[in-house]
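The values are calculated or read from the model by the stated rules, or taken from the named source; none is laboratory data. Here the structure is a predicted model, which is why all the values come from computation and not from measurement. Cβ placement follows ideal geometry from the backbone for every residue including glycine, while neighbour counts extend to all protein chains displayed. Keep in mind that these areas ignore ligands, DNA and RNA; they rest on the heavy atoms of the full protein, side chains included. Shrake-Rupley method; radii C 1.70, N 1.55, O 1.52, S 1.80 Å.
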Amino acid sequence: MARSTLLAITHLPSPKLAECQLTFVERGPIDYGAACRQHAAYRELLRDCGADVVALAGNLDRPDGVFVEDAAIVLPEGALITRPGAESRRAEVAAIEAELSKHRLREHVLPPATLEGGDVLRVGRTLLVGLSSRTNAAGVDALRRFAGRYGYDVRPVPVHGSLHLKTACTALPDGRLLVNRAWLDVAALDGFDLIDVPAAEPWGANVALVGEIVCAASEHAETADLVLSLGFPLRTVALSEFAKAEGGVTCLSLLVG
Ligand code: CIR
């Protein structure tokens, strides 16, 4: 059987998950056992989509360590190790870098720049980057220096109503963007075809592309119906406990293709 060339780096949920950072979400109880079961189902979904899955455990003491997406920007040409805007999250990147070093040459975001992977959306040769509470203008410049030399066009997108750009905007397999316009500066997306998430599901815009398969949280049933109606292959998985920690389907993995 041919081996998959897609690797998904994940990290097991921390027993301290309920102490996570929260910005736009109110703190409520998180069921750690349910979070672990949902994470196992998420890893299974990644495998079903054709990925080899690694589950790291080096950040089990760090509440937000499960949200590996924020620690790096992975391109075919190399990886940029981020400097998270949330100070409490800065120590997470070492464990992610140790794994990524097996697969990519790395560069680093340096102070005063801050950049989190949840703010970086790749659409073909364009990188849309959220200017958010976690990613500053120097972080955008760092991304531009890193990716510009490989020919990527780096475009900032002001984000005001959500934690990260990808909370409010992700890409479908044909390059159209699934968006919640209320949470970002839509003028910055000029030139892209936009599809609005259902009004009842403002958090639905966070979908992950694993190969050509659209993966979504099963809590966003109307968004799932919308994606199916557009003709895209779709898989869903329950992620309620991670939503309470302000994370979605993209946040839980780093895809190394
Ligand atoms: C945080 O506030 O940093 C975490 N509780 C959630 C991070 C979610 N990550 C993502 O959207 N890429």
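Tabulated results
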read-out	value
Accessible carbon and sulfur surface of segment 10-72 relative to its total accessible area, %, 1.4 Å	50
Positive minus negative residues near Ile30 (Lys, Arg vs Asp, Glu; Cβ under 14 Å)	-2
Full-extension gain in nm, Asp141 to Glu212, via 0.36 nm per residue minus C-alpha separation	22.6 nm
Net charge of neighbours whose Cβ lies under 9 Å from the Cβ of Ser132, counting Lys and Arg as +1 and Asp and Glu as -1	-1
Rounded to the nearest 20 debye, dipole of the chain from Cβ charges on Lys, Arg, Asp, Glu	680
In segment 1-67, the trypsin sites (Lys or Arg not before Pro) that fall in loop regions by DSSP, at most 16 other Cβ within 10 Å	Arg3, Lys16, Arg27
Local electrostatic count at Ala55 - Lys and Arg +1, Asp and Glu -1, tallied over other residues with Cβ under 13 Å	-1
Probe 1.4 Å, protein heavy atoms only - accessible area per residue of the chain in square angstrom	41
D_trans [Stokes-Einstein, Kirkwood Rh over alpha-carbon pairs] for segment 174-214, 37 °C, 0.692 mPa s, µm² s⁻¹	294
Long-range amide H partners of Leu234 with built H, under 5 Å	Val214
Accessible-area composition of segment 164-252, carbon plus sulfur, in percent [1.4 Å probe]	54
Förster radius 22 Å - calculated FRET efficiency between Arg47 and Thr5 (Cβ-Cβ, nearest 0.05)	0.95
Computed FRET value (nearest 0.05) for Ala57 with Val25, which takes r as the C-beta separation and R₀ as 25 Å	0.45
Karplus-derived 3J(HN,Hα), 6.51/-1.76/1.60, for each residue of segment 59-65, Hz, glycine and proline x	10, 4, 7, 10, x, 9, x
Cross-link reach list, aspartates and glutamates versus Lys244, counting only Cα pairs under 16 Å and skipping chain neighbours closer than eight places	Glu19, Glu26, Asp31, Asp64, Glu201, Glu219
